[in-house]
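Chemist: A single structure is presented below for examination.
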Amino acid sequence: MWTTKTFLTKTKRGNIIKIVREHYLRDDLLCGSAACNTCPHKDDEFVLDGKPESICSLYSYPHYLILDTNVVLHQIDVLEEDALSNVIILQTVLEEVKHQNTAIYQRLLEIIANKKRKFYSFVNEHHKDTYIERNPGEKQNDRNDRAIRKAAAWYETHLSINSVVGQFPKIVLLTDDENNRKIAQEEGIVCCSIKDYVENVTGFIGLLDKLSKNVAPEACSKDALYPAHLTPAQIHEGIRGGKLHQGTFRASRDNFLEGTAVINGFEKPILLQGHSGINRAVDGDSIAVEIFPEEEWRRPMDIVLEDKADDDPGDQLEEEAVLLKNTKPVEKGDDEITPTGRVVGIIRRKWRQYCGILMKSKFPGATRHLFVPAEKRIPRVRIETRQSDVLASQRILVALDSWPRNSRYPLGHFVRALGKIGDKNAENEVILLEHDVPHARFSEAVLACLPPNDWTIPEEEIKKRVDLRSECICSVDPPGCTDIDDALHAKALPGNTEDGLKRYEVGVHIADVTHFVRPNTALDKEAANRSTTVYLVGRRIDMVPDLLSSNLCSLRGGEERLAFSCVWEVDENANILHTKFHKSVIKSAAAMTYEEAQIAIDDKSRNDAIVSSLRILNALAKKLNRKRLDNGALSLSSPEIRFQIDSETHDPVEVQAKKILDTNSMVEEFMLLANISVAQRLAAEFPQCALLRRHPAPPPANFHTFLKAAKQQGFDLDVSTNKAFSKSLDAAVIPGRPFFNTLLRIMATRCMQQAQYFSSGSKTVEEYYHYGLACPIYTHFTSPIRRYADVIVHRLLAASIGCDVTHATLLDTKVANSVCDNLNYRHRQAQYAGRASVTMNTHILFNKRVEVELASVLAVKRNAVHVLIPKYGLEGPLYLPSDKFTYNEEEHIQTCGDIVLKTFDELTVRLSLDSSNLQHRKLVFELVKPHIPGFSVDIMEVEDSKAETEKDQKKRKEETPAKSSKKSKKK
Amino acid sequence: MSSDFNVKRPGLELLSSQGLRLDGRRPNELRRIQCKLGVFTQPDGSAYIEQGNTKVLAAVYGPHQAAKSKSLQDSVVINCQYSMATFSTGERKKRPRGGRKSEAISMQLTQAITTAIKKELYPRSQIDVYLEVLQADGGAYSASVNAATLALIDAGIPMKAYLCSCTASIAWKDGKPEPLVDVSHVEESAGGSVLTVSSLPSINSVAWVDMSQRLHADYLSVVMKRAMQGCRDIEVILDKAVREHLGESWTMSDDAVAI
Ligand SMILES: [Zn+2]
């Protein structure tokens, strides 16, 4: 059967056009029920039981559930519980969910894919008996509700055909839309709200906890604490008329009654204060803001204000008074006066699930409790649970449901427990969840894309490739590295160049991940979503399954592997004479650590093929490095630290700053060279959709404080260009203070912008520039096992040399842009997660330990100096009380009597851990030297703590590298 | 923070998890085809075809004596003109006809039709084929070929066999390629390579092949196969239309048209 769907749409140019689409109706679609006597099901096509057992006491007879869209959108946590089964998901619902929330859509698809759950997706929109046309004037929502009811009625009749009366399953429609329920009942469809249904389910403890609470419509003003939000139509009108502005809400980390809205076109973020100013916006929400007239503008409060209530204080907003008392009226000429406004409506909630702990109600046996999120920007949440005794000692995950006007806190529901507070696995889980790092076990669909465990390279594959198995290729990595992305070789070529220089062949061989990760497979989608392997201390969250990352793709020593090679011919001055790319098969002669390679190079007695190859590489790398620096590349520094992990408890026992060897930079140089060569090739071949990486020059304002601090030390740094900057950094040396220059570079790093992935079509060629590396074009090619950007780059490069297919999504600029957005987001989150993991392990390490160490001042703040402990690479604030210290804002110095603290100063500090807040433990830095009576820590105390520490250290166990395989050569 | 875009996958999913295409067809199903011969009385032959929402009119004049400049000693000259109506696509076109694209398509049509006609029967003569796309919703070229075939038959011009044309492209389901036959406009604009094949199915001969983008050799054969099967399916439909038309003609007159 054939029909058409007609609708109007607007083109980019603003013309309204009519679109007519064909819509085919079929008679061969199955109902999926084992009770069916009519559809021609094959055995494996029965999804729904013939006699489903009822778990709901309201409906004791066998029945299938049909859900409406809102039930899926709001109650996905209930659906994910292994409780409700024999559920029919209509295509109408599936498409609406897909349209409204892709994350929930994916979760729903996973439930449907799980055969045990018995969720059947019925294609009602293409079934000849269930498709309905939209009536003239009918709203899309109403039409869809009608389609759902039509399908429910159809199932009921369909299953009754040729069945004995009372012997076939009935249909129960779950919808929270009262009006829809009323119509359904009139039409003879059994229906129920999800709450009524779940409350009457027996045998599934905890299911009720997962019920999302959506109560009290915004219009209801009974007991309201907050002003009503405007309706979407009012917001739209207001924004169009210029009275309102759309922005993103950012809650303050320090003050729970303050936040800002970042609005396009406003230089400063808009200040939002107090309960009514914030009006239930949650960090990240897209909001509508009304900006006050200028005479009502205020300045940020600059105080720390925590929600201290240790039990639910009920529905009142008492802090308002405190807040207003503290906000002084604006003083004249104050440049901290900030445009101020209030939230008048929510455009889109950006709620996710939040980690935190349960604050048990003081009333015994109570089911309503407060939840305290780990993220300070998120308000406490009211949840209902009957398991509070168990959960009180756990890290738990909670979803937000709604925030009615009459509720002081938002309402949410318990999702799951993550483990005991303080347990390493639970804490890691928190880090991963809070940074939105996808880390679930790889799904069956993903694993199904993998080759067998004993896969070997087929003969015909070898024939398609350049056979480099006889070349002396080796890899150099950090110790314990199991995901070896890259290997190298170098050899002298006969004859000289025209200029009489020696010729060499140098090859960089990169794991051929795209041979296994084919476009559009479940594996590919998973890797794309993860975007990167995430390294926590002692744990690695792989981008692709272990079989690939640690075995089949990893270029292990002595094993034949597929590679994507970039081979150059260079002269002895490291000038490239010729570049070629090809797929190859290699057999690495050795997988070495940086240290092993360094020892081999230095060992004069060795002269084998591996060593001579390494020596050529090393010599060329030094020339490449020199060239890069001469070009203006910045040699920056960031303190990277390494934990030694106890082999039994997996707790950190020691921490130290990482060492950098010659061989580190040897590998790095060739990786940079390969990345640049590939970038050039891609940009030429795919001007619209090459995936590249750029690093914008930092805006001059970034350097402001840094330059001032350097000047105090007598150095006038020139930051006009990267070249000038690099030169003046090199010159800034203080004899006798070797760490000074490193410190300078550490601080310079912090003035930089983030490098970012982008699609060549979205930027001008000038914007391709990589400031840090001082090269006009750059990309990532060398780590496809752990970075998805490199996977795409491999595909593009393969297509450009004609050895693999291009496909539509690879060549679409729009798609490329959205891929880049995701890559950039995931990379940032992965970095933050890595740092959070280091912090957590530092806390474990210093749990029962106090140390006295040398520290350098990185920055001077209003109430603290920010210090770095070079030995450990740890840093944090050393708070200075305002009754002892005076802050000079102009000079960025703190003074106490004749003692002056300024940036780059060296201090002695005591390190210890403050565990008073379980969710926010922190390292405490206290001043030892210079000695300030009544403030510095007493020397005697110091001696004591030292003795204690030494005792502790005797217990130290064998050394295992912490960031087991993290590589330092990423740039 | 949480990010909806992370989960979003680029590109439109051309096949649902139940294996249906966006308009409800299975991968191997043609769109609804309706066609009619002899829709005009003025030309020597004419036909109208609808493939889904793609609608094409064809008119054939000839064979008549060729202009001296073009005339060939031992064969017929095919003059084919393809144009799209201003109202044929969603957004109204500015210029009614001509344009480089239309000219290129006219050339391609000429080539395809030339291979199908028994050229040697009409030395020094010319056949004009006019094609007007009334509505374009994917596969306008293929529909034009099919319309031309019917109009030529209506004009009584002997052909080696039915010349049929069909498109195919590739979609992905669970990471495996699945070729789609008779590609609609929505499917075309999803961005994949579209293969257009014009063939003479009954004598197993391919008249013309075109690809909108590069397509890897690994997938070419499956897509080609699907397009060829599409041509065969279309041949059945065209043949039925011709027979029905002949039936009608018989009742009106005894001038049987030979094929
Ligand atoms: Zn059935």
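Chemist: Per residue of A:121-128, count partner chain C-beta atoms within 10 Å of its C-beta, then hand back the mean as an integer.
Modeler: Numbers: counts 3, 1, 6, 0, 3, 7, 1, 0.
Mean number of neighbouring Cβ atoms from other chains: 3.
Chemist: Sticking with this one: Label-point separation (nm) for A:A697 and A:S882, each offset 7 Å from Cα along Cα-to-Cβ?
Modeler: 4.0
Chemist: Whose amide H sits under 5 Å from the amide H of A:L927, counting only residues 5 or more places off or on another chain, with H placed in the peptide plane?
Modeler: It is A:R910, A:V937, by chain and number.
Chemist: Separate question: If you line up the long axis of helix B:99-116 against the longest principal axis of chain B, both from Cα atoms, how many degrees apart are they, to the nearest 10?
Modeler: It works out to around 60 degrees.
Chemist: Now a separate question. Just want the answer: with Cβ charges of +1 for Lys and Arg and -1 for Asp and Glu, which residue in B:T110, B:Q229, B:S142 is farthest toward the dipole's positive end in the stretch B:29-248?
Modeler: Final value for the positive-end residue is B:T110.
Chemist: Report the FRET efficiency, 1/(1 + (r/R0)^6), for A:L661 and A:H99, where r is their Cβ-Cβ distance and R0 is 51 Å, rounded to 0.05. Could the numbers behind the result be given before it?
Modeler: Values: r = 54 Å, r/R0 = 1.06.
The formula returns an efficiency of 0.40 here.
Chemist: Going by accessible area, probe 1.4 Å, with all protein chains left in place, what is the ranking of A:W297, A:W568, largest first? Walk me through the numbers before you get to the answer.
Modeler: Values: A:W297 55, A:W568 0 Å².
So, going from the largest accessible area down, we get A:W297, A:W568.
Chemist: Next question, about the same structure. Ignoring ligands and nucleic acids, what accessible area does A:H920 show with a 1.4 Å probe (Å², nearest 10)?
Modeler: Rounded to the nearest 10, the figure is 50 Å².
Chemist: Would you list, by chain and number, the aspartates and glutamates whose Cα falls below 14 Å from the Cα of A:K922, excluding same-chain residues fewer than 8 positions away?
Modeler: A:K922 reaches A:E875, A:D914.
Chemist: Given a 1.4 Å probe and heavy atoms of the protein chains only, how would you sort A:W403, A:W455, largest accessible area at the top? Mind dumping the intermediate values first?
Modeler: Numbers: A:W403 30, A:W455 55 Å².
Sorted descending by solvent-accessible area, the residues read A:W455, A:W403.
Chemist: Please report the accessible area of A:D571 (heavy atoms, 1.4 Å probe, ligands and nucleic acids excluded) in Å², nearest 10.
Modeler: Looks like 10 Å² after rounding.
Chemist: Okay, moving on. Take peptide B:49-55, look around each residue's Cβ out to 10 angstrom, count Cβ atoms belonging to other protein chains, and average those counts. Could you put the intermediate results ahead of the total?
Modeler: Working: counts 0, 0, 0, 6, 5, 1, 0.
If you average over the peptide's residues, the count of other-chain Cβ atoms is 2.
Chemist: For the protein assembly as shown, what percent of Cα pairs sit more than 51 Å apart?
Modeler: Values: 301717 of 755835 pairs.
In whole percent, the share of Cα-Cα pairs in the protein assembly as shown beyond 51 Å is 40.
Chemist: Reachable aspartates and glutamates from A:K464, Cα under 20 Å, same-chain residues fewer than 8 places away excluded?
Modeler: Leaving aside aspartates and glutamates fewer than 8 places away in the same chain, those within reach of A:K464 are A:D512, A:E559, A:E560, A:D804, B:D218.
Chemist: So if I place +1 on the C-beta of Lys and Arg and -1 on the C-beta of Asp and Glu, and nothing else carries charge, what would the dipole magnitude of chain A be about its Cα centre? I want it in debye, nearest 20. Numbers along the way, then the final one.
Modeler: On the way: 130 positive and 135 negative charges, 265 e Å.
Roughly 1280 debye for chain A.
Chemist: Based solely on its DSSP helices, what 222 nm [θ] is calculated for chain A when runs of n ≥ 4 H residues each add -39,500 (n - 2.57) and the sum is averaged over all residues, nearest 500 deg cm²/dmol?
Modeler: Working: 25 runs with 278 residues, N = 971.
Counting only the DSSP helices, I get -8500 deg cm²/dmol.
Chemist: Here is a further query. Given Cβ point charges of +1 (Lys, Arg) and -1 (Asp, Glu) and nothing else, what value in debye, to the nearest 20, does the dipole of the stretch B:29-248 about its Cα centre take? Before the final figure, lay out each step's value.
Modeler: Numbers: 25 positive and 23 negative charges, 116 e Å.
That gives the stretch B:29-248 a dipole magnitude of about 560 debye.
Chemist: Say R0 is 25 Å: what FRET efficiency, to the nearest 0.05, do A:A492 and A:Q688 get from their beta-carbon distance?
Modeler: Details: r = 41 Å, r/R0 = 1.63.
Step by step, r from the Cβ atoms, then E = 0.05.
Chemist: Let me ask something else. To the nearest 500 deg cm²/dmol, what mean residue ellipticity at 222 nm is calculated for chain B from DSSP H runs of n ≥ 4 alone, each contributing -39,500 (n - 2.57), summed and divided by the residues? Show your work: numbers first, answer last.
Modeler: On the way: 5 runs with 78 residues, N = 259.
After summing the helix terms and dividing by residue count, I get -10000 deg cm²/dmol.
Chemist: Cβ neighbours within 10 Å, averaged per peptide: list A:227-239, A:488-500 in order, most packed at the top.
Modeler: On the way: A:227-239: 15.5, A:488-500: 13.8.
Going by the mean number of other Cβ atoms within 10 Å, highest first, we get A:227-239, A:488-500.
Chemist: Could you give the angle, 0 to 90 degrees to the nearest 10, between helix A:939-954's Cα long axis and the longest principal axis of the Cα atoms of chain A?
Modeler: The angle comes out at about 80 degrees.
Chemist: Report the gain in length on full extension from A:N607 to A:K627: 0.36 nm times residue separation, minus Cα-Cα distance, nm rounded to one decimal.
Modeler: On the way: separation 20, 0.36 × 20 = 7.20 nm, distance 2.81 nm.
Full-extension gain reported as 4.4 nm.
Chemist: Return the distance in nm (one decimal) between the two label points of a simple spin-label model at A:D389 and A:E295, each offset 7 Å from Cα along Cα→Cβ.
Modeler: 6.2
Chemist: Describe numerically, in nm with one decimal, the distance between label points set 7 Å from Cα along Cα→Cβ at B:D210 and at A:I205.
Modeler: It is 7.0 nm.
Chemist: Still on this model: Need the full-extension length gain, A:Y825 to A:I183, defined as separation in residues times 0.36 nm minus the C-alpha distance. One decimal, nm. Show your work: numbers first, answer last.
Modeler: Numbers: separation 642, 0.36 × 642 = 231.12 nm, distance 4.56 nm.
Stretched out fully, the A:Y825 to A:I183 stretch lengthens by 226.6 nm.
Chemist: Provide the FRET efficiency to the nearest 0.05 for the A:N575-A:I462 pair, computing r from the beta carbons and using R0 = 41 Å. Can you show the working numbers first?
Modeler: On the way: r = 33 Å, r/R0 = 0.81.
Efficiency for this residue pair is about 0.80.
Chemist: So how much accessible area does A:C191 have, in Å² to the nearest 10, using a 1.4 Å probe?
Modeler: Surface accessible to solvent at A:C191 totals approximately 10 Å².
Chemist: Continuing with this model, one more query. Going from most exposed to least, what order do A:E654, A:E559, A:E294 have by accessible area with a 1.4 Å probe?
Modeler: Working: A:E654 15, A:E559 65, A:E294 130 Å².
Result, largest first: A:E294, A:E559, A:E654.
Chemist: Placing +1 at every Lys and Arg Cβ and -1 at every Asp and Glu Cβ, with all other atoms neutral, what dipole size does the stretch A:144-247 have around its Cα centre, in debye to the nearest 20?
Modeler: Details: 12 positive and 13 negative charges, 45 e Å.
So the dipole magnitude of the stretch A:144-247 works out to roughly 220 debye.
Chemist: Gain in length, A:D546 to A:E45, computed as 0.36 nm per residue apart minus the alpha-carbon separation, to one decimal in nm? If you can, show how the numbers build up before the last one.
Modeler: On the way: separation 501, 0.36 × 501 = 180.36 nm, distance 3.31 nm.
Stretched out fully, the A:D546 to A:E45 stretch lengthens by 177.0 nm.
Chemist: Mind checking the angle between helix A:813-845 and chain A's longest principal axis? C-alpha axes, 0 to 90 degrees, to the nearest 10.
Modeler: Roughly 70 degrees between the two axes.
Chemist: Let me ask something additional. Hey, quick one: spin label on A:S915, modelled 7 Å out along Cα-Cβ, who in the stretch A:381-398 has an amide N within reach, i.e. under 17 Å?
Modeler: Only A:393-395 pass the distance filter.
Chemist: Which of the pairs B:K36/B:K101; A:K51/A:K182; B:K55/B:K240; B:K70/B:K118; A:K623/A:K723 have their Cα atoms more than 21 Å apart in this structure? Provide the component values of the computation, followed by the final result.
Modeler: On the way: B:K36/B:K101 27 Å; A:K51/A:K182 28 Å; B:K55/B:K240 19 Å; B:K70/B:K118 18 Å; A:K623/A:K723 17 Å.
Listed pairs above 21 Å: B:K36/B:K101; A:K51/A:K182.
The values are calculated or read from the model by the stated rules, or taken from the named source; none is laboratory data. Predicted, not measured: the structure shown is a model, and the values here were computed from it. Because the Cβ atoms are built from the backbone with ideal geometry, glycine has one as well, and the counts that use them run over all protein chains shown. Only protein heavy atoms, including side chains, enter the accessible area calculation; ligands, DNA and RNA are left aside. Shrake-Rupley method; radii C 1.70, N 1.55, O 1.52, S 1.80 Å.
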